[in-house]
Each structure stands twice: as C-alpha cells, then as structure tokens.
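Chemist: Below: one structure in structure tokens.
The values are calculated or read from the model by the stated rules, or taken from the named source; none is laboratory data. Source: prediction; values computed, not measured. Using ideal geometry, Cβ is built from the backbone for each residue, glycine included, and neighbour counts are taken over all protein chains shown.
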Amino acid sequence: MMKTGNLDNFLTIDGIKMRYIDRGQGRPVVMLHGNPTWAFFYRSLIEGLSGSNRVVVPDHIGMGLSDKPEDAAYDLAFHIKNLSRLIEHLGLKDIVLVVHDWGGAIGFGYTVENPENVTKIVVLNSSAFFDEKIPRRIKMCRGALGQFLTRRLNLFARAATRLPVKKLPREIAKEYLRPYDSYQNRIGIYSFLKDIPVEPAHKTRELLDSIESRLRLVKSDVLILWGEKDFCFTKHFYDRWLELFPKAKAKLYNNAGHYILEDAPHEVLSEIKEFITI
C-alpha cells in the first residue's frame, strides 16, 4: 500500500503546498486524478511503470495530501495553472499523460495550450467537454444541501468507495478516505462539484468549451481505456471520445466501472505499458 512518505515532494504555489509523487527515471508519465480521489488511485500504475519511466503524480491543491486552504480559487483554470507550474518546475518534456475523472479536463486543458509537450495521452473514465448527461445525484451535490452532505457528512467520498464493481477491501476504502477526515479537508471535493458547469453562464463553462473546441487539434497519440459500468461517465462519454479521436486505440472493460484501476488494474497496466513503448 502506498505510504504517506511517497508524497514528501511538494511545490509551493502562491504560498500553498502542492504535494506530488516523483519516482523513477526515463520518459515522464504524469497521472492526474479526479474527485474524490487522490494519488492513491494510481498506486498500481505507479508501481508498474516507475521501473522504466519517471512517474509524477500530483495531488491537486485542495485534495489528497496537498494543502486545502478555504479561500483558494478551486476552479478548472486554477488546477490547470497549478499543473503547468509543476510541469515547468520539474522540467518535464515529451510527456505521457494519464487522466481520470476531472483529470481529463485538467490534463487536456494543459495539452491544448502546450501541444508540443504532450505526445501520448491515456484517457480513463473522464471528459474534457461539456455534456448534458450529468447524473441527477451529481447535480444535487452542487448546492447548499450538497455542501452539507459532502463536507459535514462526507457522503460523497464515502459513496465513491462503493463505485468499484469489485468490493474494495476495508483498508483500501479507508485509505481513499484518509485525506478527507474533516469539514476543512473536504473543501476540494465540494469545490470540484460546484465547478461542474451545468449552467451556460457558469464561470468554467467558457473555458471548458474552449478546451473542447481545440481537442481535434491535439496531435498526441490517444489510448482510451473505459470501465463500462460507470454510472457517471457512461458509454455515451466513451463514444464521444471516439468521435473526437477516431484514430485512438480504445478498449471497453465490461467488468469495470468508474474506478477502473480497482476493477482491472493488471489489464490496464498492460495496455498502458504497450502504448508507451510503441
């Protein structure tokens, strides 16, 4: 199991510590988690790839073991900026991105601004475009009731530990929840929910639309690996990715859901290893 010490690396951005894993040598593979996970989600890929690659896995500010100030911006632009600062700080070139959930919008947000620096992208269940097919229960978490359920009761993070098709062992579920043990430490979870741009006038909608409009200009090789039993990012999203990247290599896992790395870790690792070495 991944230990806290693996995130002893940090970059201070405007006085806020962004913690990250930096392990191995070789071509950099940058892995971006979503909500409500953290770097722990990628532990199987970290172990499997760090022997041949430099693996960098940040915890987004507000998430995981990174700082969680109450007054940070916590929107898509904020997270893209932080990723860009980290990549620049580490001098990463010829990057392979692995993205999941919100990591999709963040990673492609960086890519459309720095297309020459991202040569391969692995898309796990995620999006980088607006779509109206957002589950009602996700939309409900964005208001005052959602803040109470998410920050006071921690229901969003707890419910997420039940998303894998294969039941999580108790100690693994506890590790997913460990960084989110108080009202204060759940600010990032709720902020990601608030930043879903359902309304056309939402502050993040313009940026997300801008990213989507440039996706077809991305020249990176793309691999799409998808858990079909995902209630949120359904096969509809998988099909949209294929429309955007018709030349992508893609694979559906009918025995996996949103937490694809919990349901099919060895299969996904094998596909990514092959993709990186081609």
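Chemist: Report every pair of residues separated by at least 6 positions or lying on different chains whose Cβ atoms are under 8 Å apart, first residue within segment 157-186 and of a type in the set (F, W, Y), second part of a helix (DSSP H, G or I) and crowded, with 17+ Cβ neighbours inside 10 Å.
Modeler: Y176/F40; Y176/F41; Y176/A157; Y176/A160; Y180/A157; Y180/R186; Y180/I189; Y183/R151
Chemist: Please tell me if S52 is more than 20 Å from Y180 (Cβ to Cβ) and part of a helix (DSSP H, G or I).
Modeler: Criteria not met by S52.
Chemist: Working only within segment 142-176, note down all residues that are among the aliphatic types (A, V, I, L, M) and in a helix (DSSP H, G or I).
Modeler: If the condition is that a residue be among the aliphatic types (A, V, I, L, M) and in a helix (DSSP H, G or I), then A144, L145, L149, L155, A157, A159, A160, I172, A173 are the ones that fit.
Chemist: Show the residue pairs meeting these rules: Cβ distance below 6 Å; 6+ apart or different chains; first residue within segment 1-21 and modelled with pLDDT of 95 or more; second residue outside any helix (DSSP H, G or I) and surrounded by fewer than 11 Cβ atoms within 10 Å (Cβ to Cβ).
Modeler: Once the first residue is modelled with pLDDT of 95 or more and sits in segment 1-21, no partner that is outside any helix (DSSP H, G or I) and surrounded by fewer than 11 Cβ atoms within 10 Å (Cβ to Cβ) comes close enough.
Chemist: OK, next. Pull out all pairs, ordered by first then second residue, where Cβ-Cβ is under 6 Å, the residues are six or more apart or on different chains, the first lies in segment 76-90 and is in a helix (DSSP H, G or I) and among the small types (G, A, S), and the second is modelled with pLDDT of 95 or more and buried (at least 16 other Cβ atoms within 10 Å of the Cβ).
Modeler: Between residues of segment 76-90 that are in a helix (DSSP H, G or I) and among the small types (G, A, S) and residues that are modelled with pLDDT of 95 or more and buried (at least 16 other Cβ atoms within 10 Å of the Cβ), the close pairs are A77/L207; S84/Y110.
Chemist: If you check I276, I272, which single one turns out to be surrounded by fewer than 21 Cβ atoms within 10 Å (Cβ to Cβ), assigned to a helix (DSSP H, G or I) and in contact with a strand residue (DSSP E or B) (Cβ under 9 Å, 6 or more places away or on another chain)?
Modeler: Criteria check complete, one pass: I276.
Chemist: A follow-up question, please. Which numbered condition trips up L86, out of (1) surrounded by 24 or more Cβ atoms within 10 Å (Cβ to Cβ); (2) touching a strand residue (DSSP E or B) at 6+ places or on another chain (Cβ under 6 Å)?
Modeler: Tallying (1) surrounded by 24 or more Cβ atoms within 10 Å (Cβ to Cβ); (2) touching a strand residue (DSSP E or B) at 6+ places or on another chain (Cβ under 6 Å), L86 fails exactly one: (1).
Chemist: Let me spell it out: the conditions are (1) crowded, with 20+ Cβ neighbours inside 10 Å; (2) modelled with pLDDT under 95; (3) closer than 25 Å to W241 by Cβ; (4) not hydrophobic (A, V, I, L, M, F, W, C), and S127 meets all of them except one. Which number is the exception?
Modeler: (2)
Chemist: Could you tell me whether segment 248-265 includes any residue that is at pLDDT below 95 and of a type in the set (A, V, I, L, M, F, W, C)?
Modeler: The answer is no; no qualifying residue exists.
Chemist: Among the residues of segment 177-222, count how many are modelled with pLDDT under 95, more than 20 Å from the chain's Cα centre (by Cα) and in a helix (DSSP H, G or I).
Modeler: Residues in segment 177-222 being modelled with pLDDT under 95, more than 20 Å from the chain's Cα centre (by Cα) and in a helix (DSSP H, G or I): 2 in total.
Chemist: Now for a different question. Inspect segment 195-205 for any residue being under 20 Å from H258 (Cα atoms) and in contact (Cβ under 8 Å) with a residue 12 or more places away in the chain and give the result as yes or no.
Modeler: The answer is yes, given that some residue of segment 195-205 is under 20 Å from H258 (Cα atoms) and in contact (Cβ under 8 Å) with a residue 12 or more places away in the chain.
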